[in-house]
1. Could you run the Karplus curve 6.51 cos²θ - 1.76 cosθ + 1.60 with θ = phi - 60° over segment 40-57 and give me ³J(HN,Hα) per residue in whole Hz, x for Gly and Pro?
2. Taking H placed 1.01 Å from N in the peptide plane, check which residues at least 5 places from Gly47 or on another chain put their amide H under 5 Å from its amide H.
3. If contacts are Cα pairs under 8 angstrom and at least 6 residues apart, what is the relative contact order of segment 1-45 in percent?
4. Would you mind giving the average projected area, over all directions, of the Cα convex hull of segment 1-45 in nm² with one decimal?
5. Which value in Å does the Kirkwood hydrodynamic radius of segment 1-146 take, with 1/r averaged over all unlike C-alpha pairs and then inverted?
6. Please give the length that would be gained between Ser159 and Glu73 if that part of the chain were fully extended, namely 0.36 nm times their separation in residues minus their C-alpha to C-alpha distance (nm, one decimal).
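Computed from the coordinates by the stated procedures, all read-outs in this text should not be read as laboratory data. Values in this document were obtained by computation on a predicted structure and should not be read as measured data.
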Amino acid sequence: MQTDRETLLNAALDHVPFEGMNDRALLAGAADIEMPESLAHVHFPQGGAGLAAAYHRRADAELREWLTVTRPEGRFRDRITAAVWHRLSLVQPELVRAGAATLALPGNAALGARLLWETADVIWSGLGDNSEDANWYSKRATLSAVIGTTVLFWLGDDSDHHMKTRDFLDRRIDGVMRFEKAKASLRKVPGAVAFGDLAFGWIRAPRRRNLPGKMQTR
């Protein structure tokens, strides 16, 4: 059963293609379901940014469930690619475009970066990443960058079935895996582990794995 907030989100999203991801879409959705404007702002105090975040996190929740049920197989790079590709299939380009425009505003940039990080964490965690040191952060940082650039490419891709985006994603994931391989090779160099522990040994993954910012499911 949908909550009032979910009902409002769905109603507001119907107006986003025409109004943008903003207060106008939020209040138009509230009017559709006869919800007072004051209550709409209680559910989404950030207005359009809150709508964008809720839409993004809903897709992340669907991705998390997909990874739990489906568990992609193959090489690790193929599994990451499959996860990113599936994540794209869970959203509509016009809504993502509107959300990106809102999150690109200076006051919302930190939220936008946090959302990309959360998606990267869903993927790494869903694929069984158990790193506990600085690798926890570096893996999510590099994948966040891949997801961000891939989404931008996808929004401008008019090829059949977005195959140009798939090729772009494959190249970007190859870059990530080369980076991870280089890190692994570096640890085999005499003294590298000791130096790494001295420089970064104090870094640990957060217990609840929710950085940067609090993971929200609402």
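1. Couplings: 4, 6, 5, 5, 10, x, 8, x, x, 4, x, 4, 4, 5, 5, 5, 4, 5 Hz.
2. The list, which skips near neighbours in sequence, is empty: none.
3. Once normalised by length, the contact order is 34 percent.
4. If I average the Cα hull's projected area over directions, I get 2.7 nm².
5. 16.3
6. Gain on extension, Ser159 to Glu73, equals 28.3 nm.
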